[in-house]
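These notes are about the structure you will find just below.
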Amino acid sequence: MEKGAWAESRARPTAASRATSPIHEGRSERARSAAASQPAAPRPTRPRSAVALEPGTLAVSTRPWGVLYVDSELIGNTPRTNVQVAAGTHVVRIMRDGFEPFERQIEVAPGQDLRLTDIVLRRVQP
């Protein structure tokens with residue numbers, strides 16, 4: 001074998017030879033189908049207003065003290081201030097042994113400071 005012929009047989013395929021080669025044809029076909037099956041990049045969305053995402057705060061005081069729940073989540077004993085709640089509708093429940101539970105549905109606007117004061121828990125009659 002001549003030096004030149006050996007060098008030609010070992011040469012890397014060119015872009016033109018790859019395009020016509022059946023071996024390389026399958027690879028480019030697979031690469032094209034893989035690229036086509038990948039999900040498109042997400043479209044940019046409008047940024048939400050920072051005000052719309054801002055939580056409100058809740059302050060609750062009762063006589064006598066009680067245990068405060070917001071949406072069935074234990075918050076703690078009353079009085080309670082600066083309880084952060086997401087904007088929207090919530091259920092406030094206050095309980096204490098020997099007293100009737102207090103429950104109210106509230107609506108909190110973004111950034112609103114809502115105060116529930118002067119709540120009087122009533123004793124359970126035996």
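The values are calculated or read from the model by the stated rules, or taken from the named source; none is laboratory data. Computed from a prediction, not measured in an experiment: that's the story for all the values here. Cβ: placed from backbone, ideal geometry, glycine included. Neighbour counts: every protein chain shown.
Just give me the residues in region 85-126 being in a strand (DSSP E or B) and surrounded by fewer than 11 Cβ atoms within 10 Å (Cβ to Cβ), in sequence order.
Within region 85-126, the subset in a strand (DSSP E or B) is 85, 88-95, 99, 102-108, 113-120, 123.
Scanning region 85-126 gives Thr89, Gln105, Thr117, Asp118, Val120, Arg123.
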* **Identity of the residue in region 45-65, within 16 Å of the chain's Cα centre (by Cα) and charged (D, E, K, R), that ends up modelled with the lowest pLDDT** => Arg48
* Asked: Before we move on, is Gln105 out of contact with any Gly (no Cβ under 7 Å at 6 or more places or on another chain) and modelled with pLDDT under 95?
  -> no
